[in-house]
Amino acid sequence: MKNFNNIILYFLPYSGGNFLGACLSLDSECMLHNSTLTDLNYTEKVSYLTNQLDLALETGRWNDFDLGNSQVVGIDFNKFLSINLPGGYAKKMLPMYSKKICFVIHNYMELMVCKTLYPDNQVLLFTNGANMIAFQRNKSPRKYAADQWKTKLYSYWQTIRDSSWPKTPPHTLNEFESLPDCIRVELVELFNSEILRYLDYTKEFLTEWDSQPADFKVDVEYMYSSFENFFNVYTDVCKFLNLKTANKDDLLLLFNKWKKTITQLASQE
């Protein structure tokens, strides 16, 4: 068994990448993004995703279908990526699966490491996601979101920081601008301005994000504006990746339930 032609979903948090990834994983050659779910058949996958959406509505908390990179590699994904690459140890640590995996990648550094480890992976870049992000992140009163975001910022900072850098990251654009020139240059040039995504999704940053090269680009605004648009994009992606499309009625059920879920969570008091 070997990992072959895996899929990289390269998207900004809250821009809807996990839903498309879950739908792509309905193909029999793919696995849902969790090592405990490798043997599910098509019907069981649809049932699992439906139940996760029901759970999110019941609890008022979104958990990304309980799917993610850490659930696949067996350890925290940032730790997995930070392991010494020249020795090839990280690649050996990835469990061997006979099915394709949709890796979830949110920043340039993770993308480069993942592409180095697995150069045959196909990269799907999610573009034009500003409105979806604003709806799910900025307008959502989910109580855990702010603390979760700070935790991710701190984790990212600890991964990239040089010993001469401040121990804590900047939390605002003004704090970023106040950093020494040498640090700001490194953050912009060496780390592709990724720090800005934790501070504020500026128009400049979103423009840079959308202009990145990729094997396939997905327009988030278009895709999620209606089910028919979603189905058209989903079908194009499946054709590009040589995956079989799921039953349209099942996709419609999942799409409507997902839309209802994220809308209800975003309107919670």
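The values are calculated or read from the model by the stated rules, or taken from the named source; none is laboratory data. What you see is a predicted model; the values in this text were computed from it and never measured. For neighbour counting, all protein chains shown are included, and Cβ atoms are generated from backbone atoms with ideal geometry for every residue, glycine included. Protein only, heavy atoms only, side chains kept; ligands, DNA and RNA dropped before computing areas. Shrake-Rupley method; radii C 1.70, N 1.55, O 1.52, S 1.80 Å.
Quick notes on this one:
- Taking the stretch 195-215 and a reference point 7 angstrom along Cα→Cβ of W165, the backbone N atoms nearer than 12 Å belong to 195-196.
- The modelled label-to-label distance for the pair T207/Q71, using points 7 Å beyond Cα in the direction of Cβ, is 3.8 nm.
- Here the accessible area is traced with a 1.4 Å probe on the protein chains. For the stretch 22-72, carbon and sulfur cover 45 percent of it.
- Förster radius 25 Å - calculated FRET efficiency between M112 and Q158, Cβ distance, rounded to 0.05: 0.85
- Distance between the modelled labels on Y42 and K260, one decimal in nanometres: 2.4 nm (7 Å Cα→Cβ projection).
- A crude spin-label estimate for the pair A214 and T235, with each label 7 Å from Cα along the Cβ direction, gives 2.1 nm.
- Heavy-atom surface of the stretch 210-267, accessible at 1.4 Å and reported per residue (Å²): 52 Å²
- Positive minus negative residues near P170 (Lys, Arg vs Asp, Glu; Cβ under 10 Å): -1
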